[in-house]
Amino acid sequence: MKKNIGQTDKLIRLIIAAIIAVLYLTGIISGTAGIILLIVALILVATSLFSFCGIYTLFGLNTCRIKK
């Protein structure tokens with residue numbers, strides 16, 4: 001897997017995942033929507049850790065800086 005997620009993108013994904021987790025844990029979101037959003041949050045964390053997003057590959061996007 002070639003990295004295609006940059007540092008800023010990683011940070012944004014982790015912040016969004018943290019916000020979703022806090023909203024779920026405080027009870028603001030619950031039920032089916034809460035579970036779906038938690039799954040989305042887990043996917044965001046996983047893509048941040050691996051620096052790879054399959055959807056970016058489909059669309060030819062790359063936010064990772066190229067090393068010279």
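The values are calculated or read from the model by the stated rules, or taken from the named source; none is laboratory data. All values derive from a computational prediction rather than experimental measurement. Cβ: placed from backbone, ideal geometry, glycine included. Neighbour counts: every protein chain shown. Protein only, heavy atoms only, side chains kept; ligands, DNA and RNA dropped before computing areas. Shrake-Rupley method; radii C 1.70, N 1.55, O 1.52, S 1.80 Å.
Things worth noting here:
- Residues satisfying the stated conditions in the range 4-40, i.e. within 14 Å of the chain's Cα centre (by Cα) and not in a helix (DSSP H, G or I): Asn4, Ile5, Gly6
- For Lys67: the one exception among (1) open to solvent by 80 Å² or more (accessible area, probe 1.4 Å); (2) at pLDDT below 95; (3) in a helix (DSSP H, G or I): (3)
- Top-ranked residue of the range 20-44 - restricted to ones that are β-branched (Val, Ile, Thr) and either in contact with a strand residue (DSSP E or B) (Cβ under 6 Å, 6 or more places away or on another chain) or open to solvent by less than 50 Å² (accessible area, probe 1.4 Å) (or both), ranked as farthest from Thr8 (Cα to Cα): Ile29
- Positions within the range 7-19 being touching a residue at least 40 places away in the same chain (Cβ under 8 Å) and either open to solvent by less than 80 Å² (accessible area, probe 1.4 Å) or more than 30 Å from Ile66 (Cα to Cα) (or both), in sequence order: Asp9, Lys10
- Leu49 being aliphatic (A, V, I, L, M) and open to solvent by 60 Å² or more (accessible area, probe 1.4 Å): yes
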